[in-house]
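Undergrad: First the structure, then my questions, so here it is.
A short reminder: the numbers here are calculations on the coordinates, not readings from a lab. In this text, all values refer to a predicted model and were calculated from it rather than measured experimentally. Heads up, the Cβs are rebuilt from the backbone with ideal geometry, glycines too, and the neighbour counts pull from every protein chain shown.
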C-alpha cells in the first residue's frame with residue numbers, strides 16, 4: 001500500500017515535472033544587489049523561473065529539470081523517450097546524456113525563461129549568470145529525466161537560480177526560514193507526538209508575527225503533511241509529501257515570501273524542488289506551475 005500511494009503521488013507530480021527524483025544565512029529586507037544594469041526588454045515578461053541547479057556527474061556542466069507543458073499520457077511518454085539524438089556524454093553504462101532538439105523540447109516542455117539565469121548565493125545576492133547550452137535526455141541507472149544544461153567553470157551545484165528579468169529590482173529578499181526543533185510545535189496539532197516522524201520545523205519571524213512551516217509524517221496512517229502556522233494557528237496545509245529544506249528567494253513583495261522547497265516522499269526515492277510562496281496577510285500557501293513566478297499575479 002505504501003508503494004502504491006507513493007506511485008500515485010509521483011504520477012500526479014510527473015504531470016508537471018519531467019524528473020521523478022532529483023539528485024542560509026544572512027537576511028536583509030533591502031533590494032538585491034545586481035552585478036550589472038539590466039535593460040528593459042521589448043518583449044513583455046510574463047513570468048520568472050526559480051529553481052536550484054544540479055551538476056552532471058563527472059562534468060563541469062549544470063542542469064535544471066524541465067517541466068511538462070501539459071499532462072502527458074504514458075503512451076506519449078514512451079514516444080518522447082525515443083526522440084533523443086546523439087550522445088553528448090557517456091560516463092558508463094548507467095549514466096548517459098543525449099541531445100534533445102529544441103523543437104522536441106518546445107513541443108513537450110515549458111522552455112520559457114531558460115536562456116539566461118542569474119546565480120545567487122545564500123544571502124540572495126546575484127554572483128554570476130549562466131546561459132543555456134542545450135536540452136538533454138539524461139538516462140541514469142534508476143531514473144530518466146529531461147533537462148536544460150548550462151556551462152560554468154565554477155561549481156554551482158545546489159545554488160539558487162532565477163531567470164534574467166528586467167523587473168528583478170522591484171522585489172525584496174524573502175526572510176530566512178530557520179530550521180528549528182519540530183517537537184515544540186506538536187501542541188498545535190491534534191496528534192500523538194509518538195506518531196510523528198520525518199518532522200521538520202521552519203520558523204519565519206517577521207514584524208512580531210510568528211510564521212512557521214511544519215512538515216511531518218503520521219506513522220498511524222502513513223500520511224504526509226506540510227502545515228502553515230501563524231501565531232500558533234494552522235492557516236493552510238499541503239498534503240501528500242514532506243519538505244526538509246527551504247531556500248529563500250528574493251521575490252518578496254506585498255508581504256508575500258517565496259522559497260524553493262526541497263520536497264520528498266518519506267521512505268521512497270522520490271524528491272524534487274518546488275517553488276512555494278507564503279501570503280502573510282491571508283495565511284495561505286502560494287503554488288505555481290513549473291516553478292514560475294507569475295509577474296503581476
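Undergrad: Sort 294, 50, 249, 119 so that the residue with the fewest other Cβ atoms within 10 Å of its own Cβ comes first and the one with the most comes last. Could the numbers behind the result be given before it?
TA: Values: 294 11, 50 29, 249 24, 119 19.
With the fewest neighbours first, 294, 50, 249, 119 line up as 294, 119, 249, 50.
Undergrad: Please work out how much length the chain gains when fully extended from residue 179 to residue 295, using 0.36 nm per residue of separation minus the C-alpha to C-alpha distance, in nm with one decimal. Walk me through the numbers before you get to the answer.
TA: Details: separation 116, 0.36 × 116 = 41.76 nm, distance 2.91 nm.
Separation in residues times 0.36 nm, less the Cα-Cα distance, equals 38.8 nm.
Undergrad: Okay, next question. Starting from the Cα gyration tensor of the stretch 138-280, take the square roots of the eigenvalues, sort them a ≥ b ≥ c, and report rounded, prolate or oblate (rounded when a/c is under 1.5, otherwise prolate if a/b is larger than b/c, else oblate). Don't skip to the answer; put the middle values down first.
TA: Details: a/c = 2.58, a/b = 1.21, b/c = 2.14.
Verdict is oblate for the stretch 138-280.
Undergrad: Calculate, in nm to one decimal, what residue 87 and residue 220 gain on full extension: separation in residues at 0.36 nm each, minus their alpha carbon distance. Please list the in-between numbers first.
TA: Working: separation 133, 0.36 × 133 = 47.88 nm, distance 4.73 nm.
Length difference between fully extended and current span is 43.2 nm.
Undergrad: Could you work out how much longer the chain between residue 269 and residue 169 gets when fully extended? Use 0.36 nm per residue separation minus the Cα distance between them, nm to one decimal.
TA: Computed gain between residue 269 and residue 169 is 32.2 nm.
Undergrad: Continuing with this model, one more query. Let me know the shape class of the stretch 211-265, please: from the alpha-carbon gyration tensor, a ≥ b ≥ c as square roots of the eigenvalues, rounded when a/c is under 1.5, otherwise prolate if a/b is greater than b/c, or oblate.
TA: Here the stretch 211-265 falls in the oblate category.
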